[in-house]
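Below: the structure, in structure tokens.
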Amino acid sequence: MADTPVFNNLDMQGNRLRNLPAPTDPEEPVRLADLPSGPTGATGPTGPTGPAGATGVTGPTGVTGDTGVTGDTGPTGVQGTTGATGPTGTAGSQGTTGETGPTGVTGATGAGTTGATGVTGATGATGVTGVTGAGVTGATGPAGSDGATGATGVTGATGPTGPGGGGSDATTTTAGSVELATESEAQHGTPDTGDDGPLCVQPSGLNIIKETTTEALVSRPTLTSPATDPDARGNFAVDIQSEINDDNQVAIGEYDTIIGARNRTSSDGDTALQNAVIGYNNLVQGHHNVVAGSTNQVTGT
């Protein structure tokens, strides 16, 4: 290989020159083994930095060394703040209605005594039969022709009417409407005359009455502890129950209707209106609901 002159700095990019011969000329490079091992002299002052040479060609990438041992895990950082709660999921479908509970025991029948039947009056004596008319029968006519019919006799007088019994005569009257007696009048059987005619009175001891303050039609249920004094019914309500075991088991709303036992309508601050409840141990809160069965609870409209 012929001598090739070099006109710029030679950048070895961190690589080494190997296999150089021992120097024989003052202008040849010296190997480390060729230097004497005398004491190191004092470091001379740093000369000025020479101009940077041109960047040499990048050598091939060396082989990647083995991965070093993994260091210990650093301490856990402070826990970040909790993120905002996500939106509430869609409500699941309503579960199936539970089985209807057993029908409650029928309350005892009211023990009001039936009034005694009035004595039947004796039958009047039969009037005397009138005398038969005494008209003379005409003579028989000649054969082939009928004789004339005799005149009808006079009818006898009607006999006197027999005496009646101790009961009063039955009479029938017609009125434009029927007015119910008050609760007190019905209990004591002493009604006044109503605005439109005689009052319709139910005998004392029957279970259904009409309240005077609310115009509600109400039964007299058996009160089972702790019930002692049922709450007031709503205006124009119908509350027919055989038994209650709490004073609030009544038709509390206007125009509410309850039939059964241990049922109640409740408004939670508002007036319950026009609910209909049939069965046992049901609770209705709201307006315009219809419930039938046992142990149901309905809220809303």
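The values are calculated or read from the model by the stated rules, or taken from the named source; none is laboratory data. Because the structure is a prediction, the values reported are computed rather than measured. All Cβ positions, glycine included, derive from the backbone under ideal geometry; neighbour counts span all protein chains shown. We work out accessible area using only protein heavy atoms, side chains counted, and drop any ligands, DNA or RNA first. Shrake-Rupley method; radii C 1.70, N 1.55, O 1.52, S 1.80 Å.
Computed values, structure above
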item	result
Positions within the range 18-50 being in a loop (DSSP other than H, G, I, E, B), out of contact with any Lys or Arg (no Cβ under 9 Å at 6 or more places or on another chain) and touching a residue at least 12 places away in the same chain (Cβ under 8 Å), in sequence order	PRO29
Flag for THR81 being open to solvent by 100 Å² or more (accessible area, probe 1.4 Å), modelled with pLDDT under 85 and not aromatic (Phe, Trp, Tyr)	no
Residue count for the range 229-248, restricted to those that are open to solvent by less than 50 Å² (accessible area, probe 1.4 Å) and of a type in the set (D, E, K, R)	4
Out of GLY62, GLY53, sole residue that is without any contact (Cβ under 8 Å) to a residue 40 or more places away in the chain and within 30 Å of LEU10 (Cβ to Cβ)	GLY62
Options ALA251, ALA261, ALA292: the member that is among the small types (Gly, Ala, Ser) and open to solvent by 30 Å² or more (accessible area, probe 1.4 Å)	ALA292
Which listed residue is at pLDDT 75 or above and surrounded by 10 or more Cβ atoms within 10 Å (Cβ to Cβ), from PRO23, PRO36, PRO102, PRO48	PRO23
